[in-house]
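Each reported figure results from applying straightforward, stated rules to the coordinates on display, with no laboratory input. Everything numeric here is computed off the predicted structure, so don't read it as measured data. Cβ placement follows ideal geometry from the backbone for every residue including glycine, while neighbour counts extend to all protein chains displayed.
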């Protein structure tokens with residue numbers, strides 16, 4: 001079982017570690033002057049803060065490494081990922097989606113996804129979108145569609161969609177696109 005971080009317990013541990021580093025500088029209890037005791041406490045506190053700072057630095061590095069792994073996995077995934085808001089606009093897209101649709105990622109954002117759907121598949125896309133957004137919470141739906149790239153060329157994709165609720169309680173649709181043209 002993974003241990004939950006306990007701030008009080010960790011502070012006590014840090015204090016113990018800091019005191020052990022300063023044992024040779026500790027004033028003897030019987031002969032200590034109040035200023036010596038206060039100086040010792042300040043030194044212990046300083047060491048504690050340095051140890052906390054080092055822990056924070058290591059945690060920050062680990063967080064940056066995890067973020068970099070996520071970005072690599074998301075952006076360079078072999079399939080396209082898109083997030084569509086409830087108005088049908090593209091809110092997020094990975095680099096694979098931008099390449100698949102033949103458009104810079106920045107230009108994809110806030111575009112209507114249906115503008116990439118070929119005319120003969122518009123009704124199928126619209127029905128799927130409405131069904132998922134109105135009814136299918138955490139229920140994956142799949143469909144094969146023909147999409148049109150920015151240059152007008154066509155490609156067949158298998159699209160999987162899954163509705164998710166954001167922290168602000170607004171529904172969005174997560175799409176995964178895999179080209180099946182070949």
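Points to keep in mind about this one:
- Between helix 122-134 and the chain: long-axis angle, C-alpha atoms, 0 to 90°, nearest 10: 40 degrees
- The angle between the Cα long axis of helix 7-21 and the longest principal axis of the Cα atoms of the chain comes to about 50 degrees, rounded to the nearest 10.
- Per residue, the convex hull volume that the Cα atoms of the stretch 77-179 enclose (Å³): 91 Å³
- For the chain, the equivalent ellipsoid derived from the Cα gyration tensor has semi-axes of 59, 17, 13 Å, listed largest first.
- Taking label points 7 Å from Cα along the Cα-to-Cβ direction, residue 59 and residue 166 give a separation of 2.8 nm.
- Alpha-carbon centroid distance for the pair the stretch 71-91 / the stretch 133-182, whole angstrom: 9 Å
- Helix 34-75 and the longest principal axis of the Cα set of the chain meet at an angle near 20°.
- Most fluctuating residue given options 119, 93, 77, as computed from a GNM of the chain linking Cα atoms under 10 Å: 119
- The chain: most fluctuating residue of 64, 50, 146 per GNM, C-alpha cutoff 10 Å: 50
- Rough spin-label spacing in nm, given labels placed 7 Å along Cα→Cβ, for residue 153 and residue 71: 2.9 nm
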